[in-house]
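S.K.: Next up is a structure, given as structure tokens.
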């Protein structure tokens with residue numbers, strides 16, 4: 001399994017992701033939601049509204065001097081039909097990846113159908129469009145809250 005941090009934006013890799021928030025929290029592997037906190041089997045529509053509201057509360061853009069009140073990460077499939085990400089990222093992370101929206105991102109737009117944001121990968125700004133159907137987990141790394149959008153175990 002590949003685990004990498006690129007710039008301030010990505011933690012990644014194929015089937016399970018490490019969460020830098022602490023040694024006891026980790027993104028799950030496959031359908032194992034036992035490592036997540038808070039979500040057991042709430043209705044998916046309720047969790048989706050919560051995830052959208054978390055991201056909609058963020059500013060549209062940040063800089064290195066921004067002190068965020070929420071530090072979300074978004075774990076998503078990279079091989080979904082509606083995903084719009086650079087081909088080199090899809091090649092490096094063929095199944096899934098997580099981005100961390102903390103100090104450097106631009107043009108964040110959260111709609112009922114997708115998340116679009118421009119983030120820096122190795123100093124290069126890249127635009128991403130992520131349909132909600134391909135989002136697996138939205139986490140607030142500051143509070144430790146995970147919103148699992150994959151359904152019930």
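Any read-out appearing in this document is the output of simple, stated calculations on the displayed coordinates, not a laboratory observation. Treat the numbers as computed from the prediction; the structure is a model and nothing was measured. As a convention, Cβ positions derive from the backbone with ideal geometry for all residues, glycine included, and neighbour counts pool all protein chains shown.
S.K.: At R0 = 30 Å, how high is the FRET efficiency between residue 63 and residue 87 if r is their beta carbon distance? Nearest 0.05 is fine.
M.R.: Values: r = 28 Å, r/R0 = 0.93.
Efficiency for this residue pair is about 0.60.
S.K.: How do 44, 83, 100 line up, fewest other C-beta atoms within 10 Å first? Before the final figure, lay out each step's value.
M.R.: On the way: 44 14, 83 18, 100 23.
With the sparsest Cβ surroundings first, the list reads 44, 83, 100.
S.K.: So for the pair residue 111, residue 129, with labels modelled 7 Å out along Cα→Cβ, what separation do we get in nm?
M.R.: That separation, rounded to one decimal, is 0.8 nm.
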